[in-house]
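Scroll down for the structure; my scribbles are underneath it.
The values are calculated or read from the model by the stated rules, or taken from the named source; none is laboratory data. Here the structure is a predicted model, which is why all the values come from computation and not from measurement. We place every Cβ from the backbone using ideal geometry, glycine too, and count neighbours over all the protein chains shown.
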Amino acid sequence: LGMPIEQVSRTLSREPLASASVAQVHRATLLNGDDVVVKVVRPGIEQTVRADIKLLKQLAAVVARTSSLGKRLRPEEVVHDYEKVILDELNLLAEAANTIQLRRNFADSSMLDVPKVYWDFCRKNVLVMERIHGIPVTQLEQLKAHGIDMKKLAERGVDIFFTQVFEHNFFHADM
């Protein structure tokens, strides 16, 4: 954040709400009382990813030269595309900007509640957003237990996808 956490937040959970390969998410309460989530890129992960990409490029070059599949599958192009995607995942400022755009796009819609981004606290390796309570769509049993109409949920998901792609010409996969 570029400042002590105490200058920004009353609380910050030690245990993550969620954890993935490149980042983890913690809950926090800002000094103004707002409940937020703080996504933090794992320390040292960029160096690890770059080393892995270097190795993948070497392997792809060998496959391209020595395998009959090399010409058809174009492994060097695949690794190049993957490199761009994974390095973008490490830039939380890009994710913050995309979330802000998605929030603007769905501001007048009841289909999707997009969290507010606290831009002043965001950095390349830190994203701070409003905490929205809910049940992840991956938790099917919890959704059913809460009486969620699964057919309607699926229809809304499709509507949201097509609205992003065909109406807004902007797709943000993280939401």
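If you go through region 56-79 one residue at a time, do you hit one that is touching a residue at least 40 places away in the same chain (Cβ under 8 Å) and hydrophobic (A, V, I, L, M, F, W, C)? No. Tell me, which residue of region 154-175 that is of a type in the set (D, E, K, R) and over 15 Å from residue 113 (Cα atoms) is surrounded by the most Cβ atoms within 10 Å (Cβ to Cβ)? Ranking the candidates gives 155 first. Being at pLDDT below 90, surrounded by fewer than 11 Cβ atoms within 10 Å (Cβ to Cβ) and farther than 15 Å from residue 126 by Cβ is the filter here; which residues of region 1-59 pass it? Listed by number, the residues that qualify are 6, 14. So is residue 63 surrounded by fewer than 12 Cβ atoms within 10 Å (Cβ to Cβ) and either over 21 Å from residue 18 (Cα atoms) or at pLDDT below 95 (or both) or not? Judged against the criteria, residue 63 is not a match.
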